[in-house]
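Below: one structure, written as structure tokens.
The values are calculated or read from the model by the stated rules, or taken from the named source; none is laboratory data. Quick caveat, the model's predicted, so the values are computed rather than measured. Every residue, glycine as well, gets a Cβ built from its backbone with ideal geometry; the counts of neighbours run over all protein chains shown.
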Amino acid sequence: MPLGSVVLAFVVGAVIVAVTGGNPFGAYGALICGGFGIACNGENPALQVSNTIVFIIPLITTGVAVALPFRANLFNIGAEGQLIAGSIACTAIGIKFSGLPTPILLPMVLVGGMVAGALWAGVAGVLKATVGAHEVVTTIMMNYIAQWLLRYLIIGGPLQLGPGTSKSQPIGPGARLATILPADNSLIIFGLPASVYRVHTGLLIAIAAAAVFAFLLWRTSLGYEIRAVGQSQKAARYAGVSVRRTIIVTMLIAGAFSGLAGAVQIAGVDHNLTDKYFSDTTGFDAIAVALLGLGSGVGIVLAAILFGALHAGGQVMQADAGISSNLVLILQALILFSIAANFVGAIRQRIPGLAGRPTAMPPELPPSAPLMSEAAEPPPA
Amino acid sequence: MTALSDILHLLVTANLWQATLAAAVLLLLPALGGVVSERSGVVNIAMEGMMLTGAFFAVVADLALHNPWLATGVAMLAGALMASVHAIVSIRFRADQIVSGIAINIFAAGLTVFLINRIYGLQDVGHVTQSELLPDIKVPALDQLPFIGQVVFQQNVIVYVALVLLVLTHVVLFQTRLGLRIRAVGEHPMAADTAGINVYLIRYGAVITSGLLSGLSGAFLAIGVANTFVPNMTDGRGYIALAAMIFGKWTPFGAFIACLIFALGEAIYANNSIIHISQYLLSMLPYLITLIVLAGLVGRSIPPAADGLPYVPGSE
Amino acid sequence: MGHKRYRFLGVVAALMVLATACGGSTPSTTTKQYKIGLVTDIGGLNDQSFNHLAYVGLEKAKQDFGIKDDVTESKSGDDYVPNLTHYASLNYDLVIGVGFLMAEAVGTVSGQFPSVHFAIIDGAGTDSKGNDLKHANVESLFFKEQDAGAMVGVIAGWLEKNGKAKKNQHIIGAVGGISIPPVDHYIAGYRWAAKMEDPQINVLVGYSNDFTDSAKCKTVAQSQVQQGADILFQVAGGCGQGVLQEGTQGGVYSIGVDADQKTADPSVIASALKKVDVATYTAIKNVVNGQFAGGALTFEIKNGGAGYAIDNLTVPPELKTELDKIQGQIQSGALVPPSDKTW
């Protein structure tokens, strides 16, 4: 069904392009080339694939950070703030201990990022569990606080590189994740210098995060508790689950994933904090990834691939076909509409012969119904 | 300490509160829309997108029609159109209302810039001339009152409209039959249905109302406060309005108080040329205050019981 | 933008017709068609600021040189490297990055593609510590914003000193977007020149922390007006529209930035010009003429790359004399406007 929704979204998108005077075939040709390296017209396919993977990595990890709380009926809008907190911690540690070797420093910065992200999300979790403050409000507030803290730190604050800059020192070499191919300008691979392929070992971390998510949710007692709280807090309580504890733990874990995403981005790609994190939207795209991924580990990876490819492809589409990359946002929205509303199912029902096929939402979908009702009630003391 | 005394000194100036009220109204309108929508049982986090769409079409229409009132109408219709999409998807197709809301926000961000590229060919959108903006109005006599006169009665026309809408929303929701029905649909849709209330109609109406209000706010932003459209100019106000709505426990006046807190933070920040503290730390202030208030004073917010639940006839 | 390609084909067709009409005596020397790629920062082409101006320069170059031009708007900071790499990997003749936020990305990509020319507005190709890598294939286009800021500072200071402003309390304001070097350079020059003209002047400097939300800039401007400022200099891109508008609504003068903003609001008495369009055009011209050279090109008053425009103001002859005098002294190097943030 998600596949049908994607196709439907692309059809509607093509109509929008055509109506506004563009050529949808040219646009999609460039989009597919930029996203997947397929059907390219002169562009280097390996470069396109590599760029897409770099976008996919943080989407997987933050996607998990949104999907896990969803299962406990918690809506984590704060993945972005948690990601920023993680990247700040990673950078601060990576600068402070820049002399340490990789085997010591790399785990330090990654764990540091996870702890910072967990603390950031933990504020929302604790407030939810103790006084019942709605996590949507608190995570939005924590997003803004993270953004301003970041800006303070790199403009005039302790992490600023120097006067007149808006970025930090680079982290030490020991804090960096290696790229898969050597970062060598003189080595030519697939016709381009090897250093243009920026895929880094953070990919393995992201895939591991998705696997941990699936394992945690379905194979551990904590996962059972999370799902139980998500189904019904009342029932979970009767079953002896501590709702309060589960809410806090869920948010801590989710924050750790987001923080990890931020740390991996610094360690694998950026190597320093810059103003770009002020306009970063990874944590918000993650919401779409989590929803499209139907809350399963494999689904999240596939959804991240789609959204990463759209992001990378959109830029190439504007360069090559002259269609504004904002079309990609329209496509993302259409995909979400289409999946959420099960338009494809509705269309099928109208077509004789296809009616009767199952059109219901798959059981994998996170329990969307009481997303904002019961979950807001504080558990009894 | 100087920073603190600077702020305390500011707090007694009418100028600060005048700016606060205007900034609060930009948040209040979408927040009121959110209250109405969620009271009827439809979760609405799409105010940001509806507001952005309204801002864009307000400028497009004002440049074409040279009339701010018509342009405001167009903006409200544009907001309502986006709201209708949310309504159809979440009521008729029973989609996840949060997904739909997020989709609206992404859609609006993409569509507005995409259309600028298409309509204006990468050039500037253009500027609305001063005489074709939503005007500031000084209420005769009242504007001479000490303090209050400047704070309340020397404002943009939309500020007065918003204050009227605030009272109106409160009265309609809590003192009329219609309000009772809206709340009934949001709390116990099946009981309401049994009692002969058209659940779908009420919900469609409520969601579209939120679109009209958010579109109005967008128009105020684009052709009242500013005179042009800049991509993403709403700058997260829809999300702040969402927070204000929850903070205010789904009541119009509660939301208004929350909007005032955020707006006060913004207005204090605007005086950063005379406050001696890092402007970035100052920017955190309203968000920190909100967290503290939530933690200590306000605590839990309980939404309408059926908020977010698609209504399937015959089931609760 | 899909039509761009067709418009371009039209130009080529017209040129070909022209060539044949003239006798077509040069059959074998097919003029090389230069390919230029422009990458904006996250502000996008409709930022009513320097990205837009860079595009204006690109369009002008297209008309003059018949180049093939392509544009990519970066959606996030993560896009800078891939977008620059895209054009470089396709062997474009010149890849232009707009904005100092792209400095590190240009430094990285220019090292990977030493045979491709790069230009960057407001910066150099740097390493992660901000050191200029001095790649021979990078032309850094710098601006002395303080020159332009100083000229409008002269206007503001002179008006205050001679009682020709609206309130004449010797208070003027500047509203910056974010405290980054280009913004602070403008304000440094403005402050310096205003104080030179009117020693008792008080210059209020506020920041909106935003480049797009004009409501935020307007509130900062309002606060300055209420503190007595009657001339407001906006240095905040699209956000600054709110400052210009507050000019009329607050009954004070305003000063535009980057481009000539005369039409943005009737209160705009002057604009500080940073000719990003000229810089972009120059970089392209250098490539087309085979005069591309790595290193810094500085655009300042001396070479017409920075300056000012008088907008909705009738300039008294004394002020005109003063402006010409200061401009001459800056040109000759007798006066050097500061660029440091000292407030």
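Restricting attention to the range C:35-52, which residues are outside any loop (DSSP other than H, G, I, E, B) and under 14 Å from C:Phe211 (Cβ atoms)? Can you show your working first?
Here is the first cut: in the range C:35-52, the ones outside any loop (DSSP other than H, G, I, E, B) are C:35-40, C:50-52.
If the condition is that a residue be outside any loop (DSSP other than H, G, I, E, B) and under 14 Å from C:Phe211 (Cβ atoms), then C:Thr40, C:Phe50, C:Asn51, C:His52 are the ones that fit.
Are any residues in the range A:187-203 within 18 Å of C:Ala105 (Cα to Cα) and in a loop (DSSP other than H, G, I, E, B), and if so, which ones? Steps first, please.
Residues of the range A:187-203 that are within 18 Å of C:Ala105 (Cα to Cα), as a first pass: A:192-200.
Within the range A:187-203, A:Tyr197, A:Arg198, A:Val199 qualify.
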key: Residue identified as in contact with a Pro (Cβ under 9 Å, 6 or more places away or on another chain) and either touching a residue at least 24 places away in the same chain (Cβ under 8 Å) or part of a helix (DSSP H, G or I) (or both) among A:Ala30, A:Ala46, A:Ala14, A:Ala9   = A:Ala14
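Of these, A:Val316, A:Val328, A:Val298, which one is at the interface with chain B (Cβ under 10 Å from one of its Cβ atoms) and either among the β-branched types (Val, Ile, Thr) or not in a helix (DSSP H, G or I) (or both)?
Checking each option against the conditions leaves just A:Val328.
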note = Taking the range C:112-135 and keeping only residues that are farther than 19 Å from C:Pro182 by Cα, among the hydrophobic types (A, V, I, L, M, F, W, C) and not in a loop (DSSP other than H, G, I, E, B), one is left with C:Phe118
inquiry  = Of the residues A:Ile155, A:Ile207, A:Ile248, A:Ile171, only one is modelled with pLDDT under 95 and either surrounded by fewer than 16 Cβ atoms within 10 Å (Cβ to Cβ) or within 24 Å of A:Val109 (Cα to Cα) (or both); which?
reply    = A:Ile155
note = If we ask which residues in the range B:113-134 are within 30 Å of C:Thr40 (Cα to Cα), in contact (Cβ under 8 Å) with a residue 40 or more places away in the chain and among the hydrophobic types (A, V, I, L, M, F, W, C), their number turns out to be 6
inquiry  = Take the residues in the range B:206-224 that are within 14 Å of chain C (Cβ to nearest Cβ) and among the hydrophobic types (A, V, I, L, M, F, W, C); name whichever of them is surrounded by the fewest Cβ atoms within 10 Å (Cβ to Cβ).
reply    = B:Ile223
query = What is the number of the single condition among (1) within 11 Å of another protein chain (Cβ to nearest Cβ); (2) without any contact (Cβ under 8 Å) to a residue 60 or more places away in the chain that C:Lys195 does not meet?
reply = (1)
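Which is away from chain A (no Cβ under 12 Å) and either in contact with a Lys or Arg (Cβ under 6 Å, 6 or more places away or on another chain) or over 30 Å from B:Val312 (Cβ atoms) (or both), of B:Ile289, B:Ile261, B:Ile197, B:Ile277? Spell out the reasoning first.
On the way: B:Ile289 fails: away from chain A (no Cβ under 12 Å); B:Ile261 fails: away from chain A (no Cβ under 12 Å); B:Ile277 fails: away from chain A (no Cβ under 12 Å).
Checking each option against the conditions leaves just B:Ile197.
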query = In the range A:336-346, which residue that is part of a helix (DSSP H, G or I) and facing another protein chain (nearest Cβ under 8 Å) is farthest from A:Ala9 (Cα to Cα)?
reply = A:Ala346
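Which is surrounded by fewer than 24 Cβ atoms within 10 Å (Cβ to Cβ) and in contact with a strand residue (DSSP E or B) (Cβ under 7 Å, 6 or more places away or on another chain), of C:Lys262, C:Lys274, C:Lys302, C:Lys285? Explain how you work it out, then say what you get.
Details: C:Lys274 fails: surrounded by fewer than 24 Cβ atoms within 10 Å (Cβ to Cβ); C:Lys302 fails: in contact with a strand residue (DSSP E or B) (Cβ under 7 Å, 6 or more places away or on another chain); C:Lys285 fails: in contact with a strand residue (DSSP E or B) (Cβ under 7 Å, 6 or more places away or on another chain).
After ruling out the rest, the residue left standing is C:Lys262.
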note = Of (1) facing chain A (nearest Cβ under 8 Å); (2) within 29 Å of C:Leu53 (Cα to Cα), B:Ala95 fails just (2)
ask   = Taking the range B:176-222 on its own, how many of its residues are more than 29 Å from B:Leu26 (Cβ to Cβ) and in a helix (DSSP H, G or I)?
value = 14
task = Name the residue, out of A:Leu222, A:Leu181, A:Leu127, that is of a type in the set (A, V, I, L, M), farther than 30 Å from C:Ala188 by Cα and facing another protein chain (nearest Cβ under 8 Å).
result = A:Leu127
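For every residue, the table says whether it meets (1) of a type in the set (Gly, Ala, Ser); (2) part of a helix (DSSP H, G or I); (3) surrounded by fewer than 23 Cβ atoms within 10 Å (Cβ to Cβ); (4) in contact (Cβ under 8 Å) with a residue 24 or more places away in the chain.
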{"position": "B:Ala244", "(1), (2), (3), (4)": "yes, yes, no, yes"}
{"position": "B:Phe253", "(1), (2), (3), (4)": "no, yes, yes, yes"}
{"position": "B:Tyr269", "(1), (2), (3), (4)": "no, yes, no, no"}
{"position": "B:Tyr280", "(1), (2), (3), (4)": "no, yes, no, no"}
{"position": "B:Thr290", "(1), (2), (3), (4)": "no, yes, no, yes"}
{"position": "B:Ala305", "(1), (2), (3), (4)": "yes, no, yes, yes"}
key: Unique match (being more than 9 Å from chain B (Cβ to nearest Cβ), hydrophobic (A, V, I, L, M, F, W, C) and either within 19 Å of B:Leu281 (Cβ to Cβ) or over 18 Å from the mean Cα position of the chain (by Cα) (or both)) among A:Leu110, A:Leu149, A:Leu161, A:Leu153   = A:Leu161
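Buried (at least 21 other Cβ atoms within 10 Å of the Cβ), in a helix (DSSP H, G or I), more than 14 Å from chain A (Cβ to nearest Cβ) and not aromatic (Phe, Trp, Tyr): which single residue out of C:Val183, C:Val109, C:Val152 fits that description?
On the way: C:Val183 fails: more than 14 Å from chain A (Cβ to nearest Cβ); C:Val109 fails: more than 14 Å from chain A (Cβ to nearest Cβ).
Exactly one residue qualifies, and that residue is C:Val152.
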key: Boolean, A:Phe36 is under 17 Å from A:Gly308 (Cβ atoms), among the aromatic types (Phe, Trp, Tyr) and surrounded by fewer than 18 Cβ atoms within 10 Å (Cβ to Cβ)   = yes
remark   = Cβ pairs under 9 Å, 6+ apart or interchain, first in the range B:135-151 and within 14 Å of chain C (Cβ to nearest Cβ), second assigned to a loop (DSSP other than H, G, I, E, B) and modelled with pLDDT of 90 or more, ordered by first then second residue, are none
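Listed here are the residues, each with its yes/no results for (1) facing chain B (nearest Cβ under 9 Å); (2) under 23 Å from B:Gly218 (Cβ atoms); (3) part of a loop (DSSP other than H, G, I, E, B).
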position: C:Asp210; (1), (2), (3): yes, yes, yes
position: C:Ala215; (1), (2), (3): yes, yes, no
position: C:Leu232; (1), (2), (3): no, no, no
position: C:Gly238; (1), (2), (3): yes, yes, no
position: C:Glu246; (1), (2), (3): no, yes, no
position: C:Ile255; (1), (2), (3): no, no, no
position: C:Thr263; (1), (2), (3): yes, no, no
position: C:Ala270; (1), (2), (3): no, no, no
message = Can you find, within the range C:217-230, the residue that is farthest from B:Thr13 (Cα to Cα) among those that are more than 8 Å from chain B (Cβ to nearest Cβ) and not charged (D, E, K, R)?
response = C:Cys217
remark   = Of (1) more than 16 Å from the chain's Cα centre (by Cα); (2) within 20 Å of B:Ala258 (Cα to Cα), B:Leu27 fails just (1)
query = What residue, of A:Leu74, A:Leu59, A:Leu68, is within 14 Å of chain C (Cβ to nearest Cβ) and either of a type in the set (Val, Ile, Thr) or crowded, with 24+ Cβ neighbours inside 10 Å (or both)?
reply = A:Leu59
message = Show the residue pairs meeting these rules: Cβ distance below 9 Å; 6+ apart or different chains; first residue within the range B:225-236 and more than 7 Å from every other protein chain (Cβ to nearest Cβ) and buried (at least 24 other Cβ atoms within 10 Å of the Cβ); second residue of a type in the set (D, E, K, R) and assigned to a loop (DSSP other than H, G, I, E, B).
response = B:Thr234/C:Asp213
request  = Just give me the residues in the range C:123-141 being more than 12 Å from every other protein chain (Cβ to nearest Cβ) and farther than 21 Å from A:Leu192 by Cβ, in sequence order.
outcome  = C:Ala124, C:Asp132, C:Lys134, C:Glu139, C:Ser140, C:Leu141
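Can B:Ala87 be described as crowded, with 24+ Cβ neighbours inside 10 Å, modelled with pLDDT of 90 or more and among the small types (Gly, Ala, Ser)?
Numbers: crowded, with 24+ Cβ neighbours inside 10 Å: yes; modelled with pLDDT of 90 or more: yes; among the small types (Gly, Ala, Ser): yes.
Criteria met by B:Ala87.
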